[in-house]
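Just below is one structure, and these are the notes that go with it.
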Amino acid sequence: MQDGVARSDPATIARMTDRYAVIGNPVAHSKSPQIHTEFARQTGHDIAYTKIHAPLDGFKAEVAKFRDAGGKGLNITVPFKLEAWNSVNQLDSLALDAEAVKTIAFRGGEMVGFNTDGIGLVRDIKDNLQHSIKGQRILLMGAGGAAHGVLKPLLLEQPEHVVIVNRTLEKAQRLTAHFEAPRGLATRHISARSYDDFGSEQFDLVINATSASLDGSMPALPDHIFAGDALAYDMVYGKTTPFMQFAQAHGARATDGLGMLVEQAAESFFIWRGVRPQTAPVIALLRAAL
Ligand code: NDP
């Protein structure tokens, strides 16, 4: 079943236009069709991008149907990122470590999985927000799928260290252990923590990768957590969250995750089409429509 899209004869589209889609449950809220349609307009590529609402037990069947109808690629959203990771024939190195697939490319008979979240976050922080990551003290809040996806790309930027704090401490510890040697990343750079275990330390970059903002809450943080010139990044987008308000009230610069959303989409577009679209106009377009 597809929702929110005009239906056309699939055979006709397959002949004329390369087809892509975002698959999830729910998926009606997704901004991916708007973003990719804008990228295609900007680069002159002829693509059709739709939404696929898959039944919770029907992910693989919907993916096979889309591929068999000539589909070229998929973006994966909740709750299918792990199932996608287990379904593809090949994984790129970031997806392998993230244990979640955000983007699938159908290449010949192969189904190749990528994780584009971390690249999207790093590009938004470095390029759009002009905040260096190298040498920074980073606090990563949350140890779910999004935190898994962004940790390796953050570590590759050579921060001073990354502290992972999570409501369920064991998940933060498992995530930390996952990146221990022999993965080539020094363990002294990562540690796990619970929210009641902060001393007087401060962070230059605090990333909220929890879903708390979705229900209008935030995990409790000490008042002194932000260093001077700190950036507070909430992955949730489209509203000023309690975390952003807290950060602003304590002297930090705060942003939502809209830039990450568009940057990770741009990486998908590059994987599929070999062209990097401009992201700034698309971020501005979406921001204006919020
Ligand atoms: P998951 O469900 O996998 O993980 C949720 C995390 O949030 C867990 O670590 C959970 O802790 C924590 N959490 C939830 N509620 C609370 C709370 N009240 N207090 C403290 N911690 C809490 O979600 P994802 O990792 O996939 O996504 C996280 C967020 O990131 C979502 O809001 C999502 O929309 C956003 N996101 C944005 C993207 C973008 O492009 N801007 C891309 C990907 C995600 P515990 O382990 O204890 O349950």
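The values are calculated or read from the model by the stated rules, or taken from the named source; none is laboratory data. Note that the coordinates shown come from a computational prediction; the quantities given were computed from them, not determined experimentally. Don't worry about glycine lacking a Cβ; one is built from the backbone with ideal geometry, like all the others, and counts go over all protein chains shown.
For region 218-228, the criterion of being within 21 Å of the chain's Cα centre (by Cα) and in a loop (DSSP other than H, G, I, E, B) is met by at least one residue. Among the residues of region 206-223, the ones that are surrounded by fewer than 21 Cβ atoms within 10 Å (Cβ to Cβ), farther than 14 Å from ARG167 by Cβ and within 14 Å of the ligand (Cβ to nearest atom) come to 2 in all.
Per-residue answers, yes or no, for (1) farther than 20 Å from THR210 by Cα; (2) within 14 Å of the ligand (Cβ to nearest atom); (3) in a loop (DSSP other than H, G, I, E, B):
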| position | (1), (2), (3) |
| --- | --- |
| VAL101 | no, yes, yes |
| GLY113 | yes, no, no |
| ILE119 | no, yes, no |
| ASP124 | no, yes, no |
| HIS148 | no, yes, no |
| LEU155 | no, no, no |
| PRO159 | yes, no, yes |
| VAL162 | no, no, no |
| GLU170 | no, yes, no |
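The residues on offer are TYR237, TYR195, and the sole one that is within 13 Å of the ligand (Cβ to nearest atom), aromatic (Phe, Trp, Tyr) and over 28 Å from LEU290 (Cα atoms) is TYR195. Residues in region 133-152 that are at pLDDT 95 or above and closer than 16 Å to GLY259 by Cβ: ILE133, VAL150. Scanning region 247-287 for residues that are among the small types (Gly, Ala, Ser) and either at pLDDT below 95 or assigned to a loop (DSSP other than H, G, I, E, B) (or both) yields a count of 4. Just one of (1) surrounded by fewer than 17 Cβ atoms within 10 Å (Cβ to Cβ); (2) in contact with a His (Cβ under 8 Å, 6 or more places away or on another chain) fails for THR37. It is (2). Whenever a residue of region 249-260 is in contact (Cβ under 8 Å) with a residue 24 or more places away in the chain and within 16 Å of the ligand (Cβ to nearest atom), its partners that are hydroxyl-bearing (Ser, Thr, Tyr) and outside any strand (DSSP E or B), lying with C-beta atoms within less than 7 angstrom and at least six residues away or across chains, give the pairs GLY257/TYR237; LEU258/TYR237.
Residues that are under 19 Å from the mean Cα position of the chain (by Cα) and assigned to a strand (DSSP E or B) within region 53-96 comprise GLY73, LEU74, ASN75, ILE76, LEU91, listed in sequence order. Checking each residue in region 273-282 for being in contact (Cβ under 8 Å) with a residue 12 or more places away in the chain and surrounded by fewer than 21 Cβ atoms within 10 Å (Cβ to Cβ) picks out ARG273, VAL275, GLN278, ALA280, PRO281. Scan region 97-109 and tell me whether some residue there is modelled with pLDDT of 95 or more, over 28 Å from GLY70 (Cβ atoms) and within 15 Å of the chain's Cα centre (by Cα). Looking for residues that are modelled with pLDDT of 95 or more, over 28 Å from GLY70 (Cβ atoms) and within 15 Å of the chain's Cα centre (by Cα), one finds none in region 97-109, hence no.
Among the residues of region 142-149, is any touching a His at 6+ places or on another chain (Cβ under 9 Å), surrounded by 19 or more Cβ atoms within 10 Å (Cβ to Cβ) and within 25 Å of ILE225 (Cα to Cα)? I'd like the intermediate steps shown before the answer.
Taking region 142-149 and keeping what is touching a His at 6+ places or on another chain (Cβ under 9 Å), we get 148.
Narrowing further to those that are surrounded by 19 or more Cβ atoms within 10 Å (Cβ to Cβ): 148.
Then keep just the ones that are within 25 Å of ILE225 (Cα to Cα); that gives 148.
Yes, that holds for at least one residue.
Put simply, of PHE243, PHE226, PHE203, PHE270 the only residue that is within 13 Å of the ligand (Cβ to nearest atom) and of a type in the set (Phe, Trp, Tyr) is PHE243. If the condition is being surrounded by fewer than 22 Cβ atoms within 10 Å (Cβ to Cβ) and within 24 Å of ARG287 (Cα to Cα), then region 92-141 contributes VAL122, ARG123, LYS126, ASP127, ASN128, LEU129, GLN130, HIS131, SER132.
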